[in-house]
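Just below is one structure, and these are the notes that go with it.
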Amino acid sequence: MTVSPLDDHAGSLPREGAAVIVTASYNGNPPDNAVSFCVWVQDPATRLDACSGLRYTVFGCGNTDWAATYQAIPKLIDDQMETHGATRIYRRGEGNAAADFDGQYADWHDGLWPALAAGLSLPKDTVAPAADGRQLTISLTNRQATNPVVRSYQAQAALIEVNRELQRANGANPRERSTRHIEIALPPGVSYGTGDHLGVLPRNDAALIQRVMRRFKLDAGMYMVITAEGGTPTHLPAGEPAPLLGVLACCVELQDVATRHDIALMASYTDDPAQRQELLAMASASSDGPAGYAKRVLLPRRSLIDLLETFPACDMPFQVYLDRLPPLHPRYYSISSSARTSPEVCSITVGVLQGPSRSGDGLFTGVCSGYLNRNPARSTVFAFVRKPNISFRPPDSPHVPMIMVGCGTGLAPFRGFIAERADLKSSGVPVGESVLFFGFRHPDQDYLYQDELQEAEKMGVVRVLAVPSRVPGQPKTYVQDRILEQCAYLWRLIEAGAVIFVCGNASTMAPAVRFAFMNVFRKQTGKSQADADAWLTGLRADQRYLEDIWGGSATPAEPAPSDATAAGVPSAPTVPDEGT
């Protein structure tokens, strides 16, 4: 068995055996490590028998918040493999991060191994599920270790220079939420472009780590040596002494929602009959209602440590618990500065996620937004620059008009766009007409960067249409409403070649804004909805309607778009946090 990226197999798929392909889409495009494979498999020059002899199946990871491109790449690969002579050995599976991803994956996985055994003419006992239980052997010692998660993303230490609150408060209107403006000095040799993302590797909160240590009766001064059984790949620092606090803080996700498999494993370590039966009911794929997985775990987003505290009779060993935790992943933030005006220091705009947990037990704090909120100026974070695989950046020509639509921290990339155009204008370069629709709640509280935007408007760089939704005594108004009010003005810009940029929530704001622009088209042309759909599709194809949007179905949540593609045997997928 081998596990590798699809790009490793572009033009060199095996002629025998079986391939289990797990892949996702990113706005309808392949993941970063599957681009070459998708180009090869669609190339007219690729032989029609290029995959003959190989048996295969595909599991697609997706999110219906991106309805137009949902499962686009998994479907493409499934079809092209068959077209080029491979034999589908098992049905294609679909996992939807906006729904019960864990249940969909479990349903597909249940029939996978029997299908592989039958298709490869193997005895049934060769694909019997591995016995659940201990996967790691741990001994404690006193030595320091490095963090393999940091190394895997090639993240580097970066210094926070500014960390300040953007929202305002007064006696009559106390501040409801927190939004931080954070400036980070990039390490030597690291650069970014306007519109890029900054990946930040967070640390788990100390209070959360203390809960884990109390549950397993661990001491904060302990070190441990981790040995992966049978050479199994691991995201943990194996083979050398590692500090317990470092592993729990920087290597694993402590707040991810527990899976059915986690709960079934808990039941196997529970002697109390009543608690064991309760756990088995939650773990059952067919269980529904108040006692089922969806209502007791998925919707309230209960983690494994939440459940271990709820079921004290469970005696799960620490090594089993640690083995079930997924690797800590970075959270991605749109850079809110201009590489032209600030090449060595980039800024991000972070909405701090904190509020009552869905389970009703205390507060939920976002892993990365809480971490950044706690990090003052002169502190260090590990970060790296990531270029998005869509052209969400100012047009190459400064003369091209821009229409920008953002809500809340969705303003972030446009702050950089506007700063870049302002610098060009100050240098004597003529710049195209631009307009910003900015949605927020209270005009005296969360009108982010108000002074900067008003100054840019005075310079003639941008027209700012502020859209507060919660003005006392007035009906709620949103950006899509203001777009329709500016119908003729926007059509003039669009006819002049404007590029439309949208940054906000994928499930609510983004569809409403799409519909508003299609209504602009219909009002100005008198054409049908079908014509409006085709018009918007054409703008997308020409890179003139671009979206940098985040999922809204998994709140409370944070940013962490990630692409994962593997040709090999899948492990249980985890759904990343998503956000601004």
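Just a few scattered comments:
- In segment 71-98, residue surrounded by the fewest Cβ atoms within 10 Å (Cβ to Cβ) [restricted to those that are touching a Leu at 6+ places or on another chain (Cβ under 9 Å) and not polar (S, T, N, Q)]: Gly85
- Where strands (runs of 3 or more DSSP E) fall entirely within segment 304-389, those with at least 1 residues that are surrounded by 19 or more Cβ atoms within 10 Å (Cβ to Cβ) are at 331-334, 345-352, 363-365, 380-386.
- Residue check, Leu254 buried (at least 21 other Cβ atoms within 10 Å of the Cβ), farther than 17 Å from Asp102 by Cβ and touching a strand residue (DSSP E or B) at 6+ places or on another chain (Cβ under 8 Å): no
- Residue match in segment 9-20 (condition: of a type outside the set (Gly, Ala, Ser) and outside any loop (DSSP other than H, G, I, E, B)): yes
- Yes/no for Val58 being free of Cβ contacts under 8 Å to residues at least 60 places away in the same chain, in a strand (DSSP E or B) and of a type in the set (A, V, I, L, M, F, W, C): yes
- Filter result for Gly497 (assigned to a loop (DSSP other than H, G, I, E, B) and either touching a residue at least 24 places away in the same chain (Cβ under 8 Å) or touching an Asp or Glu at 6+ places or on another chain (Cβ under 9 Å) (or both)): yes
- Listed by first and then second residue, the pairs linking a residue in segment 147-168 that is more than 23 Å from Met224 (Cβ to Cβ) to a residue that is of a type in the set (Ser, Thr, Tyr) and loosely packed, with under 15 Cβ neighbours inside 10 Å, with Cβ atoms under 9 Å apart and 6 or more places separating them unless they lie on different chains, are Ala157/Thr380; Ala158/Thr380; Leu159/Ser379; Leu159/Thr380; Ile160/Ser379; Ile160/Thr380; Asn163/Ser379.
- The set of residues in segment 507-544 that are modelled with pLDDT of 95 or more, part of a loop (DSSP other than H, G, I, E, B) and within 29 Å of the chain's Cα centre (by Cα) comprises Asp542, Gln543, Arg544.
- All positions within segment 69-96 that are β-branched (Val, Ile, Thr) and without any contact (Cβ under 8 Å) to a residue 40 or more places away in the chain: Thr83, Thr87
- Among residues of segment 264-284 that are over 20 Å from Leu298 (Cβ atoms), those with a Cβ under 7 angstrom from a residue that is in a helix (DSSP H, G or I) and modelled with pLDDT of 95 or more, sequence gap 6+ or separate chain, pair up as Thr270/Arg276; Thr270/Leu279; Arg276/Ala267.
- The requirement of being assigned to a loop (DSSP other than H, G, I, E, B) and surrounded by 15 or more Cβ atoms within 10 Å (Cβ to Cβ) is not satisfied by Val471.
- Of all residues in segment 191-226, those satisfying the criterion of being touching a Ser or Thr at 6+ places or on another chain (Cβ under 7 Å) and either loosely packed, with under 15 Cβ neighbours inside 10 Å or under 21 Å from Ile335 (Cβ atoms) (or both) are Thr194, His197.
- Test: residue in segment 31-54 that is closer than 25 Å to Ser286 by Cβ, over 24 Å from the mean Cα position of the chain (by Cα), part of a helix (DSSP H, G or I) and not polar (S, T, N, Q): no
Residue by residue, here is whether (1) modelled with pLDDT of 90 or more; (2) under 26 Å from Val150 (Cα atoms); (3) among the aliphatic types (A, V, I, L, M) holds:
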position: Cys250; (1), (2), (3): yes, yes, no
position: Asp256; (1), (2), (3): yes, yes, no
position: Ala264; (1), (2), (3): yes, no, yes
position: Pro273; (1), (2), (3): yes, no, no
position: Pro290; (1), (2), (3): no, no, no
position: Val297; (1), (2), (3): yes, no, yes
position: Ile305; (1), (2), (3): yes, yes, yes
position: Leu308; (1), (2), (3): yes, no, yes
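- A single entry from Pro241, Pro237, Pro233, Pro188 fulfils the requirement of being at pLDDT below 95 and surrounded by 21 or more Cβ atoms within 10 Å (Cβ to Cβ): Pro237.
- Condition check for Gly406: under 19 Å from Phe517 (Cα atoms), assigned by TED's automatic domain parsing to the domain that holds Glu485 and assigned to a strand (DSSP E or B): yes
- Of all residues in segment 57-70, those satisfying the criterion of being closer than 19 Å to Ala34 by Cα, surrounded by 22 or more Cβ atoms within 10 Å (Cβ to Cβ) and not polar (S, T, N, Q) are Val58, Phe59, Gly60, Cys61, Gly62.
- Verdict on Asp262 being surrounded by 21 or more Cβ atoms within 10 Å (Cβ to Cβ) and among the charged types (D, E, K, R): yes
The values are calculated or read from the model by the stated rules, or taken from the named source; none is laboratory data. Treat the numbers as computed from the prediction; the structure is a model and nothing was measured. Using ideal geometry, Cβ is built from the backbone for each residue, glycine included, and neighbour counts are taken over all protein chains shown.
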